[in-house]
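The values are calculated or read from the model by the stated rules, or taken from the named source; none is laboratory data. Since the structure is predicted, the reported quantities are computational estimates derived from the model, not experimental observations. Methodologically, a virtual Cβ is constructed for each residue, glycine included, from the backbone with ideal geometry; neighbour enumeration extends over all protein chains shown.
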Amino acid sequence: MKLITHNMLTSNIIKGVTKGYPLGIIPRKVEVKDVDYNPEFLARMIPNMDWSAVCKAAKDVGHDEGLPQEIAPNFTENDEFLKAAHRVLLEIEVVEGDLVCPESGRKFPVSNGVPNMLLKEEEA
Amino acid sequence: MLDSFLQNDTVHLCNIKNMEALSDIKLGKTGKKLKKKQARLRHTLLKHDGIEIQDRPTNILCVNNAGLDTGMTRDEVFEVFCKYGETDDILMLPKKPYCFVCYKLVENAEEAYVHLNGYTIPATDTRKTSCTFYISFVSKVPESLSPSNKLPPGLILLHDIISKEYGQRLLDSINWKEPTIQAQQRELKHRRVKHYGYEFKYGINNVDPDDPLPEGIPTLCNDVIKQALQTGHVKFTPDQLTINQYEPGQGIPPHVDTPSAFEDGIMSLSLGSQVLMDFRHPDGQHLSVLLPPCSLLIMTGESRYIWSHGITPRKSDIIPAPGGGLTLAPRGLRTSFTFRKITGVKESQTLEGRDYKHTVLENDDAAAKLENVHVHQVYDNIADHFSGTRHSPWPRISEFLKQLPVGSLVADIGCGNGKYLGVNNQICMIGSDRSQNLVKICRERNYLAIISDILSIPLRTESFDVAICIAVIHHLSTKDRRLRALSELLRIVRPKGKVLVYVWAMEQELHQVKSKYLKEKHFDNTEPMLLSCDQQEVEKSSKSCNDLGEMARLQSQTEACSASIIEDKKCSVAGSPNIQAKHECTDIVESPNLNKLTICHDHSNKELTESSKKLNDQHIMVDHFDPCSSSSENGNASVAMEKIVAIDTKQTGPQIDLENGHTDSQSEEKMKWAKRLEVHVNRTQFKQQDILVPWQLKNKTQNNKDIKSEIGECKDASTFHRFYHVFKQGELEALCRELECCKVINSYYDQGNWAVMLEKVVAL
C-alpha cells in the first residue's frame with residue numbers, strides 16, 4: 001500500500017464511524033521502491049491529497065524526515081517539493097502492517113502490500 | 001461379443017505398410033491428404049476421447065465424417081458398411097463427427113477400410129453436403145459409451161433393492177390396457193408413460209398440485225419406498241409416481257427434472273432390462289451409469305439439479321462382461337418406476353411459463369450469502385485462471401480512460417485483475433475488488449489496489465474525479481443492493497465527477513445474427529470458437545431491435561435509452577449450443593451396494609487449495625462474451641463460453657466473515673440456489689434475469705483413472721457458478737434515476753452490455 005492509496009482510504013464505512021480519517025498505520029514491513037518521477041502528474045495530484053494525512057502517514061511509517069508540513073504555495077514549479085511528494089506518495093510502500101480506524105480502533109490488515117478493508121456483516 | 005473381437009486384433013497382424021500401399025494405389029494423388037486427415041483424426045480421438053488408433057487392423061473402425069455431427073444417420077452408415085461383412089454394431093455418438101463400425105471379423109473391417117477410406121458419400125435431402133470418410137482402426141470404443149465406475153456427485157445406486165419376484169409383481173400390477181382416465185397414461189413418442197398421484201403435464205413441464213389424480217401411488221410400492229427412505233438419502237415420502245416403459249431402441253432425451261416441481265431426492269426403480277443412463281454435466285463431463293434390473297437410483301444434490309440424465313435410444317448397451325472386459329448386451333423391455341415428492345409450487349402464468357424461479361431473496365442476509373457463495377468465492381477460486389485468460393481492456397472503456405485529463409483520480413470498483421488500471425499512466429487509478437486473489441494480481445502488476453466491498457467502499461467521500469464499475473453490479477442479487485452500489489459509487493466522486501457503469505445485458509439477441517450462429521451444428525462445444533458476422537447483418541439487426549422487435553416487449557420502463565450503438569464490425573457469439581433439452585422429467589435409477597453408499601457433498605479445504613494450484617496449468621473457457629474479443633485481427637470474434645458446475649467451495653479467508661462462519665451449511669446453501677436459479681446454458685438467450693452462469697476451468701488432467709468406489713465423487717469438478725442479474729434494456733438507467741444525486745448523461749449498448757455514464761449533481 002503506497003501512501004497515495006492510504007490518503008484516499010477511510011474507515012467511515014464502519015457502522016457508527018463518521019469520519020474515520022485518516023487511518024493510523026502500524027507498520028511491520030515498509031519498503032521503498034524507485035518509481036519514475038513525473039512532475040506534471042504530481043502537480044495535478046497534489047490538490048487531491050489531504051496533506052496533513054500525508055504527513056501523519058509518513059510519520060507513522062518513519063519516513064517523515066524532511067517532508068514539508070504544508071503544501072508549498074508554488075508547488076507546481078517547486079521541484080524540491082514535488083520530489084519529496086513523489087517519494088512519500090509513490091515510493092514508500094507498507095507491505096505488512098495494520099491500518100487503524102481513528103474512531104473505533106478497528107484494525108484493517110495490510111498483507112503483501114494489500115489493505116483488506118472488508119467488514120464483517122455486523123460492522124457495516 | 002465386443003470383448004471377443006477386442007482380443008482378435010492381436011491375432012490378425014497385418015503389415016501396415018501394405019495397407020498404406022494399397023490406399024496409395026487406390027487413391028493416387030489424394031493419398032497424402034488422406035494421411036494427413038488420418039493423422040489429425042488420430043490426434044483428436046486421443047485428445048478428446050482417449051481412443052488410440054491402432055497401427056494394425058482391428059475389427060472396429062472409427063469412421064470420421066460419418067458421425068451424427070456431420071448429419072449422417074446410422075442407417076446410412078449401415079448401408080455402406082454392411083457390404084463388407086456382418087456388423088455387430090454401429091455406434092453413433094451425439095455431437096461427434098465420427099462413428100464406430102464394429103465388424104464381427106477383422107477381415108471384414110480390413111475389406112471395408114480398403115474400399116471406403118477416402119470414399120465420398122453424396123449429399124442427401126436431409127444432409128446438404130457430401131461427406132468423405134476417413135477411416136482408422138481402433139481397439140475399443142470411447143469410454144463414454146461404456147459404463148463408468150464413477151457416479152455424479154449426489155447420485156446413489158442401490159443394487160438389488162428388491163427381489164425379482166417383487167419386481168415381477170410390480171410389473172404385473174400395471175394395467176397398461178385400461179387407463180381409467182386419459183391423463184394417467186400416454187404413449188409418448190419414445191416411450192409409454194403412466195402417472196399416479198399427480199400427472200406430470202409435459203406441456204408445462206410441471207405438475208398441478210391442485211389437480212391430483214384419483215389414484216395415488218399403488219400400495220404395492222410401499223415396501224420399496226420404505227426401504228429407500230430407510231437409507232436416509234431421501235427426506236421426503238414420495239407422492240407422485242411415473243412409470244415409463246421403454247422398448248429396445250427407445251430412450252429419453254437428456255433432462256433435469258423440473259427443479260421447482262419436485263423435491264430433492266428423486267428415486268427410480270429399474271425393472272426388466274438393464275440400461276445405460278447418460279449423465280451429463282454442463283461442463284461436458286459425461287458419465288454412463290449402468291442401471292441393472294431391480295436397482296434403485298437416487299438422485300440428490302448436484303446429480304439432481306445440475307447434471308442432466310437421459311437414455312440414448314439404442315438397441316444394445318455395452319456393459320462389463322462377467323469375465324472382465326466389455327460385452328454388448330441387447331436391451332429388452334425396461335420399466336422404470338420414478339418416485340418423487342412434489343413441492344406444491346405452482347407454475348405461474350408468465351409469458352414463458354418459467355419465471356417461477358424469479359429469485360425471491362427473503363432478505364439482505366440471504367442475498368449476501370448467495371453472493372458470497374456464487375460471486376466472491378468463485379472469483380477467488382478462479383482468480384488466476386480468470387486473469388490468465390483475459391483480458392485486454394474493452395475498447396470503449398479504454399478510450400474513455402485515455403481521454404481523461406492528466407492527474408485525474410479514478411477509482412475502479414470491481415477492478416478484477418486490474419486490466420484498466422494500467423491503461424493510462426497519466427492518471428491515478430486505485431482499484432478495489434472483493435476478491436483478494438484478484439487484488440493480489442493487481443499488486444503484482446504494481447497497480448494501486450485494495451480489497452473492499454462495493455457496498456462499503458472505504459474511499460473518501462467526494463474525492464475522486466471518476467469512478468468506473470465494469471461488470472460488477474450485475475453480481476448483486478437484489479435491486480436494493482444494486483441501488484446501494486450505485487449510491488456508493490456516486491458518494492466517492494466529487495460534484496460533477498463521472499461514474500461509468502457496465503452491466504451484462506439480457507438482450508444478447510440484440511444481434512439477431514447470433515441466433516443464426518447458435519443454430520450452427522458443427523461446433524465442438526468444448527472449444528472456444530471463431531465466428532464472425534458482417535457489418536450489414538449487425539446493422540440490420542440493431543435496427544430492427546430499435547424499432548420494436550424482441551426488445552420492446554422486454555422493456556418495462558417507458559423511456560427508451562439510446563441503445564443499439566454498435567460500432568464494431570463484428571460481433572462475438574457466445575459458446576456453442578450445449579443444449580440439454582430440459583424436457584420433462586422422469587426416469588432414473590441406479591445403485592451401488594447398500595453398504596457402499598454415501599454421497600459426496602463437500603470438498604475439503606485441502607482439495608480446494610490443490611485445485612486452485614492447478615489453475616495455472618489449466619486451459620480455460622472464458623466468461624460472458626467479451627467485447628474485446630471482437631477486435632481480433634482476422635475479423636473474427638473469438639468467443640469463449642463457460643460451463644457450469646456447482647462445486648462445494650469451502651473457503652478460508654476473510655470472505656467467510658459474511659457467512660458467520662457457518663461453512664457447514666454451504667453445500668446446502670448451494671443446492672438451495674441451484675433449485676431456485678436457472679443455470680444459464682451457454683450460447684442461448686437468457687431466459688430470466690437472475691441466473692447462475694457457469695465458469696469452467698477445463699482441467700486437462702481430469703481423466704482420473706483411479707476410481708475408489710461407486711460413490712459419486714467429483715474431485716475434479718472445475719466449474720463454478722457465478723450469480724448474475726442481467727439487465728433489461730432501460731433498467732440500468734431507471735435504477736440510476738432513483739438516485740437524486742446523479743444524472744444520466746449517456747447510455748448505450750456495448751457488445752452485450754448496457755452502459756451508463758453518470759454525472760454527480762451537487763446536492764442542493
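Descriptive notes on the structure:
- Criterion applied to B:416, B:422 was being under 16 Å from residue A:38 (Cβ atoms) and more than 12 Å from chain A (Cβ to nearest Cβ), and the one residue passing it is B:422.
- Evaluating residue A:62 against the criteria (1) in contact with a strand residue (DSSP E or B) (Cβ under 9 Å, 6 or more places away or on another chain); (2) within 14 Å of chain B (Cβ to nearest Cβ); (3) surrounded by fewer than 18 Cβ atoms within 10 Å (Cβ to Cβ); (4) part of a loop (DSSP other than H, G, I, E, B) leaves one unmet condition, (2).
- Among (1) among the aliphatic types (A, V, I, L, M); (2) assigned to a strand (DSSP E or B); (3) at pLDDT 90 or above - the single one residue B:91 does not satisfy: (3)
- Residue match in the range B:48-62 (condition: in a helix (DSSP H, G or I) and in contact (Cβ under 8 Å) with a residue 24 or more places away in the chain): yes
- Tally, over the range B:450-473, of residues that are closer than 21 Å to residue B:494 by Cβ, at the interface with chain A (Cβ under 10 Å from one of its Cβ atoms) and assigned to a strand (DSSP E or B): 5
- Of all residue pairs spaced 6 or more apart or on separate chains, those with beta-carbon atoms under 8 Å, a first member in the range B:291-312 that is farther than 26 Å from residue B:164 by Cα and a second member that is among the basic types (Lys, Arg) are B:305/B:675; B:307/B:280; B:308/B:280; B:308/B:582.
- Test: residue in the range B:725-742 that is at pLDDT 50 or above, more than 17 Å from residue B:754 (Cβ to Cβ) and crowded, with 22+ Cβ neighbours inside 10 Å: no
- Any chance residue B:359 is in a loop (DSSP other than H, G, I, E, B) and either surrounded by fewer than 24 Cβ atoms within 10 Å (Cβ to Cβ) or modelled with pLDDT of 95 or more (or both): yes
- Test: residue in the range A:69-92 that is facing another protein chain (nearest Cβ under 10 Å) and under 20 Å from residue B:409 (Cβ atoms): yes
- Those residues of the range A:1-34 which are over 16 Å from the mean Cα position of the chain (by Cα) and under 16 Å from residue A:84 (Cβ atoms), in sequence order: A:34
- Count of residues meeting criterion [modelled with pLDDT under 85 and either farther than 14 Å from residue B:148 by Cβ or in a loop (DSSP other than H, G, I, E, B) (or both)] in the range B:262-293: 5
- Index of the failed condition, residue A:35 passing every other in (1) under 17 Å from residue B:460 (Cα atoms); (2) in contact with a Leu (Cβ under 8 Å, 6 or more places away or on another chain); (3) surrounded by fewer than 20 Cβ atoms within 10 Å (Cβ to Cβ); (4) within 13 Å of another protein chain (Cβ to nearest Cβ): (1)
- Subset of the range B:430-446 [without any contact (Cβ under 8 Å) to a residue 40 or more places away in the chain, at the interface with chain A (Cβ under 10 Å from one of its Cβ atoms) and either surrounded by fewer than 24 Cβ atoms within 10 Å (Cβ to Cβ) or among the β-branched types (Val, Ile, Thr) (or both)]: B:430, B:439, B:443, B:444, B:446
- Tabulated pairs, the range A:1-23, first within 16 Å of residue B:452 (Cα to Cα) and without any contact (Cβ under 8 Å) to a residue 40 or more places away in the chain, second of a type in the set (Val, Ile, Thr) and surrounded by 19 or more Cβ atoms within 10 Å (Cβ to Cβ), C-beta under 8 angstrom, 6+ apart or interchain: A:8/B:430
- Within the range A:5-25, tally of residues that are facing chain B (nearest Cβ under 7 Å) and among the aliphatic types (A, V, I, L, M): 3
- Answer from A:35, A:30, A:17 - the residue that is outside any helix (DSSP H, G or I), within 26 Å of residue A:120 (Cα to Cα) and of a type in the set (Val, Ile, Thr): A:17
- Residue under evaluation residue A:103, criteria (1) surrounded by fewer than 17 Cβ atoms within 10 Å (Cβ to Cβ); (2) touching a Pro at 6+ places or on another chain (Cβ under 8 Å); (3) of a type in the set (Asp, Glu), criterion not met: (2)
- Residue in the range B:390-412 that is nearest to the chain's Cα centre (by Cα), counting only those that are within 12 Å of chain A (Cβ to nearest Cβ) and either crowded, with 20+ Cβ neighbours inside 10 Å or in a helix (DSSP H, G or I) (or both): B:411
- Looking across B:132, B:124, one residue alone is farther than 25 Å from residue B:315 by Cβ and among the polar types (S, T, N, Q). It is B:132.
- Number of the exception - residue A:44 against (1) basic (Lys, Arg); (2) over 19 Å from residue A:87 (Cβ atoms); (3) within 10 Å of chain B (Cβ to nearest Cβ): (2)
- Filter result for residue B:46 (within 13 Å of residue B:133 (Cα to Cα) and at pLDDT below 80): no
- Residue in the range B:380-413 that is nearest to residue B:443 (Cα to Cα), counting only those that are at pLDDT 75 or above and aromatic (Phe, Trp, Tyr): B:394
- Odd one out for residue B:477 among (1) of a type in the set (Ser, Thr, Tyr); (2) in contact with a strand residue (DSSP E or B) (Cβ under 7 Å, 6 or more places away or on another chain); (3) surrounded by fewer than 21 Cβ atoms within 10 Å (Cβ to Cβ): (3)
- Candidates in the range A:106-121 are the residues that are without any contact (Cβ under 8 Å) to a residue 40 or more places away in the chain and of a type outside the set (Ser, Thr, Tyr); of these, the one that is surrounded by the fewest Cβ atoms within 10 Å (Cβ to Cβ) is A:120.
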